[in-house]
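Please treat every number below as a calculation from the coordinates, not as lab data. Computed from a prediction, not measured in an experiment: that's the story for all the values here. Note: ideal-geometry Cβ built from the backbone for every residue, glycine included; neighbour counts use all protein chains shown.
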Amino acid sequence: MIFAFLISLMSCTQDYAVITSGEPEKIYVTETETVTVVEEVEVEVEVPVYIEVEVEGDPGDIWIDSFIQARTVDGIDILWVIDTSGSMHMYDTQLLAGIEIMLAALPDAGWRLVMIPNDPDQAVMESQFPLVPGDDIVDAEAMYSIMRRGPYEEGFDAVYRYVIENPYASTWMRADAGLLVVFLSDEEEQSTAVYPTVPDFTSWYSSLRGGSVWMASIVNLHSSISLCAWPPADRDVGERYMEATNVYAGTITDICADDWSAGVADAAASVVPREKLALSKEAIPESIRVFIDGALNTDWFYHTTDNTVYFTTLPSGGSLVEIGYRYNTTPVDSGI
């Protein structure tokens, strides 16, 4: 890098002369203007620069794990918005198992959780006290068994009417807490009254809690990737739920998966600032790079014992954290 320095050189300020002739003496004074000379001098200064150098050899395959860091908030309010149509009874076991996983994954304090129907007319009248730290799956089963039920598949409008119009909700929901909504349905979202389009809903939802909002969905995926024994019809794919969830980089789980625990655990983890991240694949340690909002970051260390990156300085809330690394797909010879 080149730095330029300016050096000023000053001349004398005035110069006088006396001239005589045959005529009466006259004195002439000559004056020179002050002259300032500015000289530009270039000086080379070495500045250390970090340069990535790729090393020859077997690069392995490249993988990137990423997440958006949760903003620190005073607690978290959670709504499970559940399809209560008859076809959903076959998922009762997975639903309660998912709730149990979430209860275990949440922090020891600061959260409240309620299950509501995705029928707006019923959601606006729901009045159950939320599950709180210390409650368990028995309490969750009791809540689910008496939850109101209705025929409409309008999850977006149900959230709005519960949060804004339900007088009981105002007794337990907190304006200074974060908000997580988990949609569960085997049909498409069908709101028409309040939020007929996905951007309408996400615009309103994003305005809540100072933007400290999260979302997850457990829905039918497209037939080409569905895990259902009988792939769902196009009309039953949760397109609108998935589109909304993607706005918040939330987790989307196939409703036909035998186990929802991974998606539910990720949804719970999304509301708590992360201090570490277990990598998805066995990393080649020297290849690991961490980027926060696209900038290379060095405030971390890696443990080979648990294949986990630990942050020495927590990424700020709302930042995109990306961990890229190489992993070797060649099976290890056990010698057996």
- [ ] Can you pull the one-decimal nm distance between simple spin-label points at A233 and T313, each 7 Å off the Cα toward Cβ?
- [x] 5.6
TODO: Please give the contour-minus-distance gain from I164 to L96: 0.36 nm per residue of separation, less the Cα-Cα distance, rounded to one decimal in nm.
DONE: 21.8 nm
TODO: Assign one of three labels to region 76-269, namely rounded, prolate or oblate, based on the Cα gyration tensor with a ≥ b ≥ c the square roots of its eigenvalues; rounded applies when a/c is under 1.5, prolate when it is not and a/b is larger than b/c, and oblate otherwise.
DONE: rounded
- [ ] Give me the distance between the Cα centres of region 264-290 and region 86-165, rounded to whole Å.
- [x] 28
Task: Cut-off 12 Å between beta-carbons: net charge of the residues surrounding T308, Lys and Arg +1, Asp and Glu -1 - done: -2
Open item on the list: I need the shape label for region 118-191. Rule: rounded when a/c is under 1.5, else prolate if a/b > b/c, else oblate, with a, b, c from the alpha carbon gyration tensor.
Closed with: oblate
Task: Hz values of 3J(HN,Hα) by residue in region 227-240 - Karplus curve (6.51, -1.76, 1.60), Gly and Pro given as x - done: 8, 5, 4, 10, x, x, 5, 4, 5, 9, 6, x, 4, 5
Task: Cα gyration tensor shape of region 182-225, rounded if a/c is under 1.5, else prolate or oblate by comparing a/b with b/c - done: oblate
Task: Amide N proximity, region 247-281 versus H303 label position 7 Å along Cα-to-Cβ, cut-off under 15 Å - done: 275-279
